[in-house]
Amino acid sequence: MFDRCWLGILALAGLLSMLAGCGSGKSGGDRAAIGDPKVLYNTHCSKCHAQAGESGGPKLGSSKAPDLTHIGSKPGRDVEWFVKVIRDPNNVLPNAKLMPKFEGTLKDEEIHTLAEYLAGLK
Ligand code: HEC
């Protein structure tokens, strides 16, 4: 009788740890989604920077901002530069007026993820 009881407790403990494992697995997945540059881009950038014919999700906008589809091949546009422009466009573009600064809105690691993504758009 006792033995069965213990088995039940063990089974329950196993189930709980599986559930806990499942939960942390899910939040790991969420983190991956947040760290996905395309998700970040579609959420924060594509409402201005999406080009005609590009898929940008529900916020897909006009092409009122510069075309970034080959931005990584422009001279001087490297990861460092993109980090600066995303933090605050006026760091590197003195005449920028329309693009908001993302310092405070995006986490540092998200800014870096986006910067690396843009640098790879050749
Ligand atoms: C409200 C519209 C808007 C949003 C949102 C926006 N941008 Fe911009 N972006 C602009 C405009 C407009 C410019 C041109 C400079 C200006 O006038 O502000 C620009 C310039 C840039 C440039 C410089 C291009 C070059 O080589 O001169 C980069 C890179 C850039 N944006 C990346 C991004 C990224 C990454 C995001 C998302 C985190 C983003 N932008 C969100 C409007 C926007």
Exercise. Can you pull out the residues in segment 97-119 that are of a type in the set (K, R) and either under 15 Å from L68 (Cβ atoms) or at pLDDT 95 or above (or both)?
Worked result: K101, K107
For this session: Determine which single condition E80 fails, assuming it passes every other condition in (1) under 13 Å from L118 (Cβ atoms); (2) at pLDDT below 85.
Result: (2)
Exercise. Checking P94 against (1) modelled with pLDDT under 95; (2) surrounded by 15 or more Cβ atoms within 10 Å (Cβ to Cβ); (3) more than 8 Å from the ligand (Cβ to nearest atom), which test does it fail?
Worked result: (2)
Exercise. Restricting attention to segment 41-73, and to residues there that are modelled with pLDDT of 90 or more and exposed (fewer than 14 other Cβ atoms within 10 Å of the Cβ), which single residue is nearest to the chain's Cα centre (by Cα)?
Worked result: H70
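Name the residues in segment 82-116 that are touching a residue at least 24 places away in the same chain (Cβ under 8 Å) and in a helix (DSSP H, G or I), would you?
If we filter segment 82-116 for residues that are touching a residue at least 24 places away in the same chain (Cβ under 8 Å), which is where we start, we get 82-83, 86-87, 98-99, 102, 105-106, 109-116.
Answer for segment 82-116, where residues must be touching a residue at least 24 places away in the same chain (Cβ under 8 Å) and in a helix (DSSP H, G or I): F82, V83, I86, R87, E109, E110, I111, H112, T113, L114, A115, E116.
The values are calculated or read from the model by the stated rules, or taken from the named source; none is laboratory data. In this text the structure is predicted, and so the values were computed from the model without any measurement. A quick note on method: Cβ atoms are made from the backbone with ideal geometry, for glycine too, and the neighbour counts reach across all protein chains shown.
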